Amino acid sequence: MAEQISQERRENLKSAIKRLEAYQEIQNNMGRCMAAFNFRQADKVLDYFALGQEDVSLEYADEGVFKGINAVETIIKEVVGAEPKSGEMLDLQLTTPMIEVAEDIKTAKALWWCPGAGAIPEEDKDPKAIWCWGMIAADFIFENNNWKIWHMHYFRFIKCDYDKGWVKDTSMLNRLNTPVHPLSSPSTYHNPYSPLSVREGIPACPRPYKTWTDSSWMTEKDKSR
Amino acid sequence: MDIDLNVIDELDAEEFTEMECAVEKLLSVWEIKNLRGAAAIFHDDQHIGQKRRELQAVKHPSVDVKGLMDFRRKAVVDNLEGNMLIHPLTTPVIEVNADCTVARGVWWSLGIEGLSKFREEPMAIISLGMVPGTHIKEDGEWRILSGAWQRTTKNEYKKGWVRDMQPTNTRPPLTPEQDRNFLGKYAYMKDEVRKPSPEPPHKDTFDKFPEETDNIWLYINLKK
């Protein structure tokens, strides 16, 4: 007698395919967002954020957390949307994907390690070549039939003069002592590499989960789970 | 992608099982990428003895668990400050066997390091290499059965990879010969033709090399 396939098994397969589809779409969307970010296309970058969510957020380096639709739109327009300059370059790349899609397939948690290079224009001389490596951790949410960035945290890892390297040049690791952005709230984590820093395995690799509760996985220090 | 999942309800048992197996393979590749990412994170921070979930297969008869645990407890630097090992994973090639119990993979990596052995100012290092490995399922999760970092370069940043090759940092330190027979076996040498190893796994890897502990698939390009 031919094997009967239970409805539960069929539903499990459908669910697995949906999760795989989400896995691929999240990587494509983040890749597109990264390209737009590197090319200074603020409006395109914003297209990949979940601007239908009141608590959408972006945290980067030690500039703080920009939480809420207005704060995210404002900071991306200010930072990414600034007028491009001759000789300027940012080239962040996505590698080492670690992604979990929730069992309910409504959200996902993702982490990439991002090697990067850049060039900063300087007055009356050649642009300064820099290394800028970091990690991107993000919650995604399925919004309007698409996977959108819900909470994103860019963890700066190194930012240094190419000629000097990451040990000799720590001058760009932390923000200048200028007024913090009025729309930012305090950073949750900032521990870039320096000769005196201690690595902590953060951001952490996301773990399988049923339904989203919070973003604490990004800064989870307990590696036993 | 917009897949009509209703077709799954129409599949007969054979078709369904075939699709289920194909999906299971894709899920396995995903899980193994996550596993290797977690291993890269754990490798970076070097906190000896810190409790962490096991990523290595420890129940397989081929694994020397005591040796593995002893190795993990050995400090190779005095201090954590200034030390880091960031080996991003790129260029993944992963093959999973028919019943999704064994997977082979090779990644390439362009990484950076900071090395301070005795609290001296760290050395900035460019570190290129490969991550070959075999993976099996243990307690329902994919784990690493075998495979160690294979160095291509490990050079002081300013000197570059032609002029400098740092050995793997061990205590006591390795001689150049020992290093050459360890993780530096296939490392770049300015006066040698590069050896094409490891070979990424091919689709027929499990037909040609069915034993899960057989790592010869990595070295098929090497002349005897």
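The values are calculated or read from the model by the stated rules, or taken from the named source; none is laboratory data. Fair warning: this is a prediction, and the values are worked out from it, not measured in the lab. Neighbour counts are summed over all protein chains in view; Cβ atoms, including those assigned to glycine, are modelled from backbone coordinates with ideal geometry. Please note that ligands, DNA and RNA were not included when accessible areas were found on the heavy atoms of the full protein model with its side chains. Shrake-Rupley method; radii C 1.70, N 1.55, O 1.52, S 1.80 Å.
Can you work out which of the residues in segment B:53-80 that are open to solvent by 60 Å² or more (accessible area, probe 1.4 Å) and modelled with pLDDT of 95 or more is nearest to the other protein chains (Cβ to nearest Cβ)?
First, pick out the residues of segment B:53-80 that are open to solvent by 60 Å² or more (accessible area, probe 1.4 Å): B:59, B:61-62, B:64, B:66, B:71-74, B:78.
With modelled with pLDDT of 95 or more added as a condition, the list becomes B:59, B:61-62, B:64, B:66, B:78.
On the way: B:Lys59: 18, B:Pro61: 26, B:Ser62: 25, B:Asp64: 23, B:Lys66: 21, B:Asp78: 13 Å.
Across segment B:53-80, the extreme among qualifying residues is B:Asp78.
Taking A:Asn174 as the residue in question, decide whether it is more than 14 Å from chain B (Cβ to nearest Cβ) and either at pLDDT 95 or above or more than 19 Å from B:Ile112 (Cβ to Cβ) (or both). Even if it seems obvious, please write down each step before you answer.
Working: more than 14 Å from chain B (Cβ to nearest Cβ): yes; either at pLDDT 95 or above or more than 19 Å from B:Ile112 (Cβ to Cβ) (or both): yes.
Against the criterion (more than 14 Å from chain B (Cβ to nearest Cβ) and either at pLDDT 95 or above or more than 19 Å from B:Ile112 (Cβ to Cβ) (or both)), A:Asn174 qualifies.
Annotation: of all residues in segment B:190-224 being of a type in the set (A, V, I, L, M, F, W, C) and free of Cβ contacts under 8 Å to residues at least 24 places away in the same chain, the one that is farthest from B:Ser109 (Cα to Cα) is B:Phe209. May I ask you to verify whether A:Trp113 is part of a strand (DSSP E or B) and closer than 26 Å to B:Ser109 by Cβ? Judged against the criteria, A:Trp113 is a match.
Please go through segment A:133-171 and give me each residue that is under 27 Å from A:Ser215 (Cα atoms) and either part of a loop (DSSP other than H, G, I, E, B) or basic (Lys, Arg) (or both), ordered by number. Scanning segment A:133-171 gives A:Asn144, A:Asn145, A:Lys148, A:Arg156, A:Lys159. For B:Glu20, indicate whether it is at pLDDT 95 or above, within 24 Å of B:Leu174 (Cβ to Cβ) and surrounded by 16 or more Cβ atoms within 10 Å (Cβ to Cβ). Criteria not met by B:Glu20. Considering (1) hydroxyl-bearing (Ser, Thr, Tyr); (2) more than 19 Å from the chain's Cα centre (by Cα); (3) farther than 26 Å from B:Ile41 by Cβ; (4) modelled with pLDDT of 95 or more, the lone condition that B:Ser116 does not fulfil carries the number (3). So in segment B:180-206, with the set limited to residues that are modelled with pLDDT of 95 or more and part of a helix (DSSP H, G or I), which one is most open to solvent (accessible area, probe 1.4 Å)? Checked segment B:180-206; the qualifying residue most open to solvent (accessible area, probe 1.4 Å) is B:Phe206.
Scan segment B:10-25 and tell me whether some residue there is under 20 Å from the mean Cα position of the chain (by Cα), more than 7 Å from every other protein chain (Cβ to nearest Cβ) and on the phi < 0 side of the Ramachandran plot. The answer is yes, given that some residue of segment B:10-25 is under 20 Å from the mean Cα position of the chain (by Cα), more than 7 Å from every other protein chain (Cβ to nearest Cβ) and on the phi < 0 side of the Ramachandran plot. Kindly establish whether B:Val7 is out of contact with any helix residue (DSSP H, G or I) (no Cβ under 8 Å at 6 or more places or on another chain), more than 7 Å from chain A (Cβ to nearest Cβ), at pLDDT 95 or above and open to solvent by 40 Å² or more (accessible area, probe 1.4 Å). Against the criterion (out of contact with any helix residue (DSSP H, G or I) (no Cβ under 8 Å at 6 or more places or on another chain), more than 7 Å from chain A (Cβ to nearest Cβ), at pLDDT 95 or above and open to solvent by 40 Å² or more (accessible area, probe 1.4 Å)), B:Val7 does not qualify.
For A:Ile158, are the conditions met, namely being touching a Cys at 6+ places or on another chain (Cβ under 9 Å), surrounded by 14 or more Cβ atoms within 10 Å (Cβ to Cβ) and within 9 Å of another protein chain (Cβ to nearest Cβ)?
On the way: touching a Cys at 6+ places or on another chain (Cβ under 9 Å): yes; surrounded by 14 or more Cβ atoms within 10 Å (Cβ to Cβ): yes; within 9 Å of another protein chain (Cβ to nearest Cβ): yes.
So A:Ile158 passes the test.
To keep it simple, each residue is scored yes or no on (1) farther than 30 Å from B:Ile32 by Cα; (2) more than 12 Å from every other protein chain (Cβ to nearest Cβ); (3) crowded, with 21+ Cβ neighbours inside 10 Å.
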site	(1), (2), (3)
A:Gly64	yes, yes, yes
A:Glu73	yes, yes, no
A:Pro84	yes, yes, no
A:Met89	yes, yes, no
A:Gln93	no, no, no
A:Glu103	no, yes, no
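Filter segment A:36-56 for residues that are open to solvent by less than 20 Å² (accessible area, probe 1.4 Å) and either within 11 Å of A:Ile76 (Cα to Cα) or among the aromatic types (Phe, Trp, Tyr) (or both) and give the result. Matches in segment A:36-56: A:Ala42, A:Val45, A:Leu46, A:Phe49.
Can you name the residue in segment A:115-130 that is among the hydrophobic types (A, V, I, L, M, F, W, C), surrounded by fewer than 21 Cβ atoms within 10 Å (Cβ to Cβ) and within 14 Å of another protein chain (Cβ to nearest Cβ) and, of all such residues, is nearest to A:Glu220 (Cα to Cα)? Walk me through how you get there before you give the answer.
From segment A:115-130, those among the hydrophobic types (A, V, I, L, M, F, W, C) are A:117, A:119-120, A:129-130; that's our starting set.
So of that shortlist, the ones also surrounded by fewer than 21 Cβ atoms within 10 Å (Cβ to Cβ) come out as A:117, A:119-120, A:129.
Subsequent filtering for residues that are within 14 Å of another protein chain (Cβ to nearest Cβ) retains A:117, A:129.
Details: A:Ala117: 28, A:Ala129: 33 Å.
Taking the candidates together, the pick is A:Ala117.
When B:Ile112 is tested against (1) closer than 17 Å to B:Ala148 by Cα; (2) within 14 Å of chain A (Cβ to nearest Cβ), just one condition goes unmet, and that condition is (1).
Specify the residue that is farthest from B:Thr17 (Cα to Cα); the eligible residues are those in segment A:7-18 that are facing another protein chain (nearest Cβ under 8 Å) and open to solvent by 30 Å² or more (accessible area, probe 1.4 Å). Top of the filtered list is A:Lys18.
Taking the condition modelled with pLDDT of 95 or more and touching a Gly at 6+ places or on another chain (Cβ under 7 Å), does A:Glu78 pass?
In short, no.
Please work out if B:Leu89 is within 12 Å of another protein chain (Cβ to nearest Cβ), at pLDDT 95 or above and surrounded by 21 or more Cβ atoms within 10 Å (Cβ to Cβ). Spelling it out, B:Leu89 is indeed within 12 Å of another protein chain (Cβ to nearest Cβ), at pLDDT 95 or above and surrounded by 21 or more Cβ atoms within 10 Å (Cβ to Cβ).
Taking the criterion of being within 8 Å of chain A (Cβ to nearest Cβ) and of a type in the set (A, V, I, L, M, F, W, C), the residues of segment B:26-37 that qualify are B:Leu26, B:Leu27, B:Trp30. Under the condition of being without any contact (Cβ under 8 Å) to a residue 12 or more places away in the chain and touching a Phe, Trp or Tyr at 6+ places or on another chain (Cβ under 9 Å), the residues counted in segment A:192-225 number 1. The single residue among B:Glu156, B:Glu138, B:Glu120 that is closer than 20 Å to B:Arg36 by Cα, of a type in the set (D, E, K, R) and surrounded by fewer than 19 Cβ atoms within 10 Å (Cβ to Cβ) turns out to be B:Glu138.
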